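What follows is a short report on a single structure.
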There are 2 protein chains.
Amino acid sequence: MSFRPVDAIFHARSLALVGASENGWTATIFRNLQARGATAAIYPVNPRRERVWGERCYPSFAAIPAPVDLALTIVPAPAVPAALREGLDHGLRAAIVYAAGFGEGGDAAGEARAAELRALAAAGLRLCGPNCMGTLSPREGLVLYPSARVRDVPPGDVGLAMQSGGLFQYWLQYAVSRGLGVSYAASVGNELALDVADYINFFVSDEHTRVICCFIEGVRRPDAFVAAAAAALAARKPIVLVKSGRSEPARSAVQSHTGSLAGDDRVFDAVCERYGIVRATTLDEMVEHALVLRTGRLPAAGGGVMTVGYSGAARGLLLDAAADAGVTFAPLASATRDALAPLLDPAAELAMPVDCGAGIAVAHQQFAEVCGIVANDPNCAVLALQGQLPIGHEQLDPQWFRALAAATDKPLIAYARVAQSLDETSRAFQTASGIPFVQGVPQTVRVARELMRYAERARRGIPPATRGARTHGSLDDALRAHGIELPQAGVAASPAEAGAAADAIGYPVAVKLHATGALHKTEAGGVRLGLGDRAAVERAAAELLAIAAEQPDLGCDGVLVQAMVAGLEMIVGARLDPQFGPVILAGIGGVFVEAYDDVALRLLPVDLADAHAMLASLRGRALLGAIRGRPPRDVDAVAAAIVGIGDLFLERAPAIADLEINPLIVRAAGEGACAVDVRTVEGS
Amino acid sequence: MSFRPVDAIFHARSLALVGASENGWTATIFRNLQARGATAAIYPVNPRRERVWGERCYPSFAAIPAPVDLALTIVPAPAVPAALREGLDHGLRAAIVYAAGFGEGGDAAGEARAAELRALAAAGLRLCGPNCMGTLSPREGLVLYPSARVRDVPPGDVGLAMQSGGLFQYWLQYAVSRGLGVSYAASVGNELALDVADYINFFVSDEHTRVICCFIEGVRRPDAFVAAAAAALAARKPIVLVKSGRSEPARSAVQSHTGSLAGDDRVFDAVCERYGIVRATTLDEMVEHALVLRTGRLPAAGGGVMTVGYSGAARGLLLDAAADAGVTFAPLASATRDALAPLLDPAAELAMPVDCGAGIAVAHQQFAEVCGIVANDPNCAVLALQGQLPIGHEQLDPQWFRALAAATDKPLIAYARVAQSLDETSRAFQTASGIPFVQGVPQTVRVARELMRYAERARRGIPPATRGARTHGSLDDALRAHGIELPQAGVAASPAEAGAAADAIGYPVAVKLHATGALHKTEAGGVRLGLGDRAAVERAAAELLAIAAEQPDLGCDGVLVQAMVAGLEMIVGARLDPQFGPVILAGIGGVFVEAYDDVALRLLPVDLADAHAMLASLRGRALLGAIRGRPPRDVDAVAAAIVGIGDLFLERAPAIADLEINPLIVRAAGEGACAVDVRTVEGS
């Protein structure tokens, strides 16, 4: 995978401020650099000035005494290409283009300028933007953002890439107020050259970065993006990401905004699932995830989430949040309960979520002791403990929290029931305690859940996205070879043939229009179900053959006589996503798949564990169990069918672009599942 | 409805601190009172001390020279009843009981103490608690909470009642950091006497309170609660509420915590819907709602939510949030677009959500002008405009925002894309601007939605919860009188009778076990569907009568022969909720009602508008429209059936405690809906 280096931007040792003027963005950036004591050489460039900010101003790159690493072009779009061309001719390595006007709106002049920028990038210039607001390298003092709001962002371990320039500063301001610092940060703009994948790739090898945060509206180069994500997972540098454009109208808004492809949101969720990307619900929550993930502590296999608090209200809120988030707390081992009982009030609740009673809220040593005991429980993989940060003149000694953090290597999360507006006192306490303080109970539960998911994916790794060996032979044979059961059936060209086929199959049968191509049989009125005797079959076949004769465009070559199969209707389908390749989908079928939109989707390949996880994630999963006197369904057979159909699709794609079993009829447990209807769409 | 006055607590002019000692809670409260310059007379009470905090200490109420308004009992539970009895004997009017130990755990000694407190309350003592952490009256300087954290809560217009003492201080600390102040606030504890309804009732008539915030785990007196909520709605003082215990495990946790009845969460949602209570998603979000609702600005009828911003990212986030929250933005009138176009960049997006382009972010006058034009749009009922508060040394002039607020009486919400940790600068700006600043895009959309819902309920009022005139006659007749169609049917005691009935009805028919009492016919194997001729009917009847004979406990007296009805299966049921009385439920039926739990629930009575709103709120509402080649369903008939069943239930309850139509078969539009199975449960 080809990544473009961004070092020349983040590590620039000389800067040209193109368009330098007394006021405006160049002046703000110059003051940012001065305030941070940046050691990079700074060259103001403006042919209409001799001096600016008390510094010598250069008319062009040619006049600058040494080659420049990075040009900040703060000039109108039409002036950008020529300025950068002149820079490149004189050794310029990289540029940040702040202006918009490079074809976002589809205008010809803008498109021409975009082509010029692409040519410069092809000639070796590293290009951030256009339509961006710059970058930060706090350790180098390079605050190349035209606002003082981010001037004091401290060095830290969050790498940030955002497809929004304005949001960049406010997210950082909030993140810093919560105690985070930054390794390197980029407002990536329209990604005409460098894109989010390039920045992630940089963060993977950057020694300072421990967690990577992104706000994106779409993915420019899917292959590069997933390669960077895989590298980040291998390096145990979690990616936390907010992606807008989940809704249909938002996707069209995104396309008009940056020209980014927003794609199918469910596919992007599947990408996150496969690559261990933490998809945050909100921009606020990206901060919570980063606070916890930056510690580098990962839950071990086999345990679960535990919580300890001192509030009945917290207990109720935790249980609500866990139900909402699909989290089940791990049970306390009995030895842990025995160890806790003598330390706590008899009224304390020694089951998840543990409630020590209100008294312990101010008995920090005792609370830390209790937390230490729970953290040592073999079932505990993550411990969330109640905690609020001091604010203003409030005094609180971090030593007990620090001691707790030192006594275990398990991930710890201090949770508050409500947000806090933090200040210096709070941040200093959090740093000294060595524990991340997360705001809000639902947020805490989701952070813990994602931590567990991330660790599980890190342990499991990413299966190679190979496409199986290309196979030949009929689709029906291939389906059977992959363990997919097909109903007994025969094709008939006349009512009499249909009757004979039905006699051979046994009653009842279904008779359907048969075509080699795709066909919505139900919509075409081409399905007759539950025919109980030969006469009914012949009558139905005659009707359908008449439909076929009247509508030659249906492309029907006869009728299919099929054994009736009773059970739960499901749908299983595989297709090629235009961005992320082969995916598989499973859901509750029939008319309900549309009404409830209840499907699970994964990137291929999937194994049986994936398939079971898909089924468990369906909202209507109760339909697979015993319900209303019906027996439980053959979930194992569905899972096997999902894996088989996925493998078959990988063998046949891209010749087949879409393969759908609808319905897959699922019988009672032990009795299998049957692919009653198989539709394919040919690909390239 | 009987409310107990709480004035003696919130407006106390003399206080006894029972259990006064040099350190601990009494000392903290005393220092709180001193710091606030409370003018109330303060009498420390402790028989073992002569002086405390440099003040005279009294051995008992008898020794205090004047009757005391309010006793703060900060002594162990066993000492509380006697102390209060002695106080009551000497003119004490009210008390706050901080200690727990009054029967929460079900112990006999605690129960006895609780009985003593109840006797004191019955004798006229106003009692807050037990197991609470006190109250605040900022205007009076009465900070009766044992922590300095709430010492500086400013006077304001939020009335607060919380069933959690610890959360109280942190929620207030956060709310104050966001610019809210308090009229009166109570940590209500276990509500052995005064309960949340009493405090709401106080807030309704309190001149300072403009919005009422509550955290509850359950409702002690449902009738009083809804009466207080109705009074608050009539007074246009919105109630914003967080209720935990939504999930099944949380409900049992709540019951063990305060002994509060958590109830059925869906019924509580229906209570909120009916009484215009804003149910906040989180404790943080309660702050956002309060910031907006305290302005007293309500959206007018007929318009919708509009937004104006200067960020493509915000646009995408707004569309996602609107899709999630079920909000549709109102369209700009063309005159508004015409007025805006000359003011904005040609690339600006002049459709919801309006995106003016990034340049306007620092052109405040221009942005305010644009917002003013949009606010004047006749379609605009609520305007959300992008805005972030200044922090620290950031300078921003509030004049343009203030002028905008002054130029319209429509509700305005400034929205930030990400949270901010606010400080004094931010709060001063918000106050000066006259606009509430909400943090987060999803929060903004939900706040706007709830504002619209609140205003709609305020306009519409609350229908009287009358029970219809008691009617007699058969249930079938009553159903028909309420416009509910029943299938043609006959009861038969033998196969031959069943065959004759079927001949009369016409084929196909269903044959079902018939019993006067409740019966799960399907589970009992007592249903035969789609019988096409007399022979099949007689065979089925014989089988079912054999089942009835073998299982006399089913109480069957024959078989029911019923015309087959084809269509969408729904369920409509009414029942008596033990807390809130008659409710009605409608949902997608069949096995899916359990699997997807897709039902809407309202308090009775409901009218056609309610019924349509219920159907529109179903996740599976697509099943009622044209889907997969099926015609749209007769939604009007379902709505009429909901209203009819509700009215009938009100006539028959409580003799009938539960009335369920399952399935109600809904035919194509214009063809009605048919109550195929009606089940009742007798009540008291």
Inset, instruction - Quick one: grab Rg to one decimal and Dmax as a whole number for chain B, Cα atoms only, in Å. - result: 30.7, 100
Legend entry - Estimated FRET transfer efficiency (A:Ala63, B:Ala300; beta-carbon r; R0 41 Å; 0.05): 0.05
Inset, instruction - Sticking with the crude label model, points 7 Å out along Cα→Cβ, report the distance from A:Gln34 to A:Ala122 in nm, one decimal please. - result: 4.2 nm
Inset, instruction - Report the full-extension gain for the segment B:Thr431 to B:Ala549: residue separation times 0.36 nm, less the Cα-Cα distance, to one decimal in nm. - result: 34.7 nm
Legend entry - Area buried, chain A against chain B - accessible surface, total, 1.4 angstrom probe, square angstrom: 5500 Å²
Inset, instruction - Take peptide B:167-175, look around each residue's Cβ out to 10 angstrom, count Cβ atoms belonging to other protein chains, and average those counts. - result: 5
Inset, instruction - Only residues of the range B:140-159 count here: report those whose backbone N is under 15 Å from the spot 7 Å along Cα→Cβ of B:Glu207, or say none. - result: B:140, B:156-157
Inset, instruction - Working from Cα positions, state the angle (0 to 90°, nearest 10) between the long axis of helix B:424-433 and the longest principal axis of chain B. - result: 70 degrees
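Evaluate E = 1/(1 + (r/R0)^6) for A:Ser494 and B:Asp324, where r is the Cβ-Cβ distance and R0 equals 51 Å; express this FRET efficiency to the nearest 0.05.
Working: r = 55 Å, r/R0 = 1.08.
In this case the efficiency is close to 0.40.
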Inset, instruction - Report the antiparallel proportion of the DSSP beta bridges in the protein assembly as shown as a percent, rounded to a multiple of 5. - result: 50 percent
Legend entry - Distance in nm between pseudo-label sites at B:Asp409 and B:Ala655 (7 Å out along the Cβ direction from Cα): 5.1 nm
Legend entry - Degrees between helix A:222-234 axis and first principal axis of chain A (Cα, 0 to 90, nearest 10): 70 degrees
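Label the protein assembly as shown by shape, choosing from rounded, prolate and oblate, from the square roots a ≥ b ≥ c of the eigenvalues of the Cα gyration tensor; if a/c is under 1.5 it is rounded, and otherwise prolate applies when a/b is larger than b/c, oblate when it is not.
On the way: a/c = 1.83, a/b = 1.09, b/c = 1.67.
Since a/c reaches 1.5 but b/c is at least a/b, the shape of the protein assembly as shown is classed as oblate.
Of the beta bridges DSSP finds with both residues in chain A, what % are antiparallel, to the nearest 5? Mind showing how you got there, number by number?
On the way: 52 of 101 bridges.
In chain A, approximately 50 percent of DSSP beta bridges are antiparallel ones.
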Legend entry - Heavy-atom surface of chain A, accessible at 1.4 Å and reported per residue (Å²): 36 Å²
Legend entry - Distances in nm from A:Arg470 to the matching label points in the other copies, shortest first (labels 7 Å along Cα to Cβ): 8.3
Inset, instruction - Kindly express, to the nearest 10 degrees and within the range 0 to 90, the angle between helix A:635-652's C-alpha long axis and the longest C-alpha principal axis of chain A. - result: 80 degrees
Inset, instruction - Show that you can apply the helix-only estimate: for chain B, add -39,500 (n - 2.57) for every DSSP H stretch of four or more residues, divide by all residues, and state [θ] at 222 nm to the nearest 500. - result: -11000 deg cm²/dmol
Inset, instruction - Would you jot down the residues in the range A:570-613 that end up with at least 50 Å² less accessible area in the complete protein assembly than in the chain alone, with a 1.4 Å probe? - result: A:Val591, A:Phe592, A:Glu594, A:Ala595, A:Tyr596
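Please state the shape class of the range B:568-682: rounded when a/c is under 1.5, otherwise prolate if a/b exceeds b/c and oblate if not, all from the C-alpha gyration tensor.
On the way: a/c = 1.79, a/b = 1.73, b/c = 1.03.
Prolate.
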Legend entry - Gyration tensor verdict on the range B:66-117 (Cα atoms; rounded if a/c is under 1.5, prolate if a/b is larger than b/c, oblate otherwise): prolate
Legend entry - Potential extension, A:Glu594-A:His90 segment - 0.36 nm per residue separation minus Cα distance: 175.4 nm
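In what sequence, highest mean first, do B:10-17, A:125-132, A:266-273 appear when ranked by Cβ atoms within 10 angstrom? Before the final figure, lay out each step's value.
Values: B:10-17: 22.9, A:125-132: 25.9, A:266-273: 21.0.
The densest-packed peptide leads the list: A:125-132, B:10-17, A:266-273.
Pairs of lysine in the protein assembly as shown with Cα under 29 Å and at least 8 positions apart or on different chains: total?
Working: A:Lys237/A:Lys410; A:Lys512/A:Lys521; B:Lys237/B:Lys410; B:Lys512/B:Lys521.
Close lysine pairs found across the protein assembly as shown: 4.
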Inset, instruction - Write down the percent of antiparallel bridges among all DSSP beta bridges whose residues are both part of the range A:1-159, to the nearest 5. - result: 20 percent
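The values are calculated or read from the model by the stated rules, or taken from the named source; none is laboratory data. Everything numeric here is computed off the predicted structure, so don't read it as measured data. Glycine also receives a Cβ, built like all others from the backbone with ideal geometry; neighbour counts cover every protein chain displayed. Just so you know, the surface numbers come from the protein's heavy atoms only, side chains and all, with ligands and any DNA or RNA stripped out. Shrake-Rupley method; radii C 1.70, N 1.55, O 1.52, S 1.80 Å.
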